[in-house]
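Have a look at the structure below, then the notes.
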Amino acid sequence: MRLLKRATEKPRRRRAAVGPLMAGVAALGLVAACAGGDDSRAGPGAMTDAEREAQVQALFDAGVYFCPMDLDVRSSEPGFCPRCRMALVMGLPEPVDYTMDVTVTPELLEPGGTARLDFVVRDPWEDRPVTDFEIMHERPFHLFVMSQDLGHFAHVHPTRDSETENFHIDLDLPRAGLYQVLADFYPVGGTPQLIARSFIVPGGRLEPAAVGVDYTAPRQGENLQVELVTEPAEPIAGQETELYFTVTPGEGLEPYIGAWGHMLAVSDDLIDTVHGHPFIADGGPEMLFHLTFPRPRNYRVWVQFQRDGVVNTVHFDIPAKELTF
Amino acid sequence: MTTACIRTGLGAAILAGAAVAAEAHDALTTSVNWSRTVSRIVYERCASCHRDGGTAFSLTTYAEARPWAVAIREEIFARTMPPWGAVKGFGEFRNDRAMYPSQINLMVSWIEGGAPEGDPEDLPEPPEYPEENAPAAETVRVVRNGATLESPVVIDGLFPRDVPDGGSYQIVAELPDGRVEPLVWLYEYRNEYGHAFLLEKPLELPAGTVFRGIPAESSLDLIPPPSEPGVRD
């Protein structure tokens, strides 16, 4: 597989480059394409809006399985999402929003210290504590931790208290200032949740991170190097960007907690957080992620890849431009 | 693990061998439709203002909302609508009107999938909207940036006043013991849509608490719980 188009090459139709793998995905009964893309358009006079809508609705009503997290992955048969390995569910899940209480101790936090976070998830119907969670990427509860200056990042997994069945974790606090935690879990009977909370370690300044704009140079991880090419070369806010990562050496790659890669993009003001996994990956050195930067700001994008048992975490700082005419 | 919380690909799927033809219109490639799903989100998050008799043009019917679909998407991405004016996760509010990521996903999926109407039989009952009243001035304590509490207070909500449009302000309470309590992170807060932020749980602030992050020309109303007598400084 060769997904990556070198920066020196003139951009062309990217979808042609991923065609062979897409065909393989289609063979599994799963096809994902981009709405509004050129491929989905035909000549004039085909159908009315109502006829098109009826046809699409009939297809979905006939029994379509969805990935509850990657909603664009669908199948006519039960199975697992090729992107995140979640079990597919029948029908488009209606979103259900849970609440989450977070208790941070000690009350007075110190830079260089630790904090214990206790999480209580509550259902939206009776406000009862939730203790049954689906396993997502080999864990029932994922937590991303970012400092406001974006100099500290962690992807960790709280553990369950044997008595209360609630989750908790001890976090290192290497610096003063604002921390944001992003909890990622999937209650049984609900839909996947992504809930943000903040706490402050006294002594720091509350101000946006100074995120650079250089994403052309390769980044060195623990035991591999990561190169990024985006299309378009200058991402536009609100429009989909394709991120092509190439890792070197390309041998010895392993799934890390259920995926060939993990990505978290955070805006320099900590307001936008976007989480995803490879749109296309097969264990080779090249992986494609899709990402829409919501606003025209600078973003820090962390990616994680595992090679020979070692988790590599690197980041790229990417500016998203405003669409202008 | 949850995929991108805001991503254009969400409404992108089509079944193999069943690509839907389109000509001068958007391709309909989503099962998210107005009647069953989007109308409920609009009723919950938008229609308190965007309705007949509201403060903005109505979006309560498919015919009214469909022409605005692309603009709605842009406003959602820019976080200018709904005009909640604060960042989720920095303080917790029981009247939070900002869209959840799941609602944003569905709205984007609907818009990028061609914004289908669905079956009008699936429409929910239109909600009723009680008028929200600002707290009476005599019930609140008003503070400015750097103000220090001379006596303890229990607050049930916050009402920012005279905030410059379009800014980003992290307002915190510095407690005498050194703790820093996040109060509200104003973002794209506009006075024309000014409103109270009602806390999920009442917050006790001791004497000596200092307020930081309030814009110089602005003030913050500290709204007491209904049973708490208020004092105006």
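Computed from the coordinates by the stated procedures, all read-outs in this text should not be read as laboratory data. Model, not experiment: these values are computed from the prediction.
Enclosing the Cα atoms of the range A:183-264 in their convex hull gives a volume equal to 197 cubic angstrom per residue. Binning at 10 Å from 0, report for the range A:222-325 what percent of all alpha-carbon pair distances ends up in each bin. Percent of pairs per bin, in order: 16, 49, 27, 7, 1.
Each 10 Å bin from zero holds the following percent of Cα-Cα pairs in the range B:21-111: 15, 49, 28, 7, 1. Assuming a viscosity of 0.890 mPa s and a temperature of 25 °C, what translational diffusion coefficient in µm² per second does Stokes-Einstein assign to the range B:49-193, Rh being the Kirkwood radius over Cα pairs? So the translational diffusion coefficient is about 135 µm²/s. Shape index of the range B:148-233: Rg/Rh, with Rg the Cα radius of gyration and Rh the Kirkwood radius from the inverse mean 1/r over Cα pairs, equals 0.95.
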